[in-house]
Structure formats: C-alpha cells, structure tokens
1. Per DSSP H run of n ≥ 4, the term is -39500 (n - 2.57); total these for the chain, divide by its residue number, and report the mean residue ellipticity at 222 nm rounded to 500 deg cm²/dmol.
2. Packing-wise, with mean Cβ within 10 Å as the measure, how do 14-22, 163-171 rank, highest first?
3. Sum up the charges of everything whose Cβ sits under 11 Å from the Cβ of L3, counting Lys and Arg as +1 and Asp and Glu as -1, but leave L3 out.
4. Can you tell me the order of 132-142, 109-119 when each peptide is scored by its average per-residue count of other Cβ atoms within 10 angstrom, highest first?
5. Can you give the Rg and Dmax of the chain based on its C-alpha atoms, in angstrom?
6. Most exposed first by the Cβ proxy, i.e. fewest other Cβ within 10 Å, how do L188, L85, L3 rank?
7. Provide the percentage of antiparallel DSSP beta bridges, counting only those with both residues in the chain; round to the nearest 5.
8. Under the definition of Cα pairs under 8 Å and six or more residues apart, what whole-number percent is the relative contact order of the chain?
Amino acid sequence: MNLSVIVPLYNEARTLEELVGRVSATGLAAEILLVDDASTDGSGEIADQLAAVHDEVRVFHHPKNQGKGAAVRTGMDAFTGDVVLIQDADLEYDPADYAALLFPIHDGKADVVYGSRFLGGAYSRVHLYWHYVGNRCLTTLSNIFTNLNLTDMETCYKVMTRDVAGRLDLRSRTFAVEAEMTQKIGRLGVRIYEVPIRYAGRDYSEGKKIRAKDAWIAIWAIVRWGLFG
C-alpha cells in the first residue's frame, strides 16, 4: 500500500522541517506533497530545500494565497499513491499515529479513516474550551446531514483510498473543505472508521490560523453540500 501525504502549508517556517522529518521517519509515506499557499515567511524556500534532501518530497507553489481548501485540492490532483492522508504543516497532529490511521484500510475494513481528537488518544492538550465546543457543534450539525456518528468532523487527519478521493470533486478553497469533504464522503456510502489520535493544539500566539468566522463558513458549507451535494 503506497501512502501519499498531502501537506497544505501557509507560513509554517518554524515547524515545517521538523514536520517533514517526522513524516519521513514513519517510513510509511511513499511521497510527501508540500503545497505552499503563497507563504510570506520563507516556508516555500524551506519546502524546496527539503525536496532536495528527501527524495519522497514533492513541492507545489501557489502564486497567490487561496486557502487551505485550494492547497488540499492541488495535492488531491497530484498524488499518486493508493491511499492519501492529509497532514497539517504545524505540529498539532503527530505522524506517529499513521500506523493506527492506516490499519483499518490495510485490514480491509475501511475506505475512509478519520483521526478523532475526542476518542481518547495517547495525549491531548487541555486547551481552548470554546474551540472545543465549536468543533462539537459543527460535528453534530454535520452528522445531522450525513446520518453518521462522527466525533470529530473538523479533524485534519482524513485518510482515504484513491477511489474515494477521486470521487469527491472538491470545490472549497477555505477551511470549508473539511465540511465539504465530510458531506461528500457521507453521500458515497463508503465504510468510515474513526481512530483516537494525539493532539497538541497550539494557541493563536503560536500561529493557529482558524478564527471564529471560519465556524460560520463551515456551517454554510455543511448546509450547502449537505442539501445540494
């Protein structure tokens, strides 16, 4: 099973090298696709340097900033593996969880795996109560439209087979891609599993980018893709 890891990134110069090192150290990624969304802090240059060191790293540069969804779409159009995993460029999510995330697919039980921050992973930072509440509310609303019982719709860790990824036809450019992806996966009737993951959430002072307005965008995306496909 060849794994492709898509890393959408914007201004993650402080963490990018360590993140790529952690992904590479798992020994599970056949390719790591770094999609630089017009960073202004040198992240793009670091990505190019990493590609020169790691044979499995491929780099894509957006000429202007478009949003996480656009970066994910670029990666989705370019990956070559049998399975694809989305990995944020910060260090909130730990690639040490890859084996657990891949197991249900490798074992023939799942077509899609979500890594849940709320199922009791090895560790989770005690952090940002209202962010937690927002995530749970968005997941509940998403579940109403999909009739799934997910615990963490907004998780970065979404893993799926090439067949599923090829059927999504993603359109979102912003963080709304998480909601769009979940609504479309729910409509496919494929086998979905969740596994607990570690989570070391960072503060806004540490570079966290999602804001309150993104919750309203996610609500719109859930309703839009939930009602109209």
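Derivation of every value follows stated rules applied to the coordinates shown; laboratory data play no part. Every value quoted in this text rests on a predicted model; they were computed, and no experiment measured them. Virtual Cβ from ideal backbone geometry, glycine too; neighbours counted across all protein chains shown.
1. Using -39500 (n - 2.57) per qualifying helix, the result is -12500 deg cm²/dmol.
2. Ranked by mean Cβ neighbours within 10 Å, highest first: 14-22, 163-171.
3. -2
4. Sorting 132-142, 109-119 by mean packing, highest first, produces 109-119, 132-142.
5. Considering the chain through its Cα atoms, Rg and Dmax are 16.3, 46 Å.
6. Least to most surrounded, the residues fall as L188, L3, L85.
7. Among the beta bridges of the chain, antiparallel pairing accounts for roughly 20 percent.
8. Relative contact order, the chain: 23 percent.
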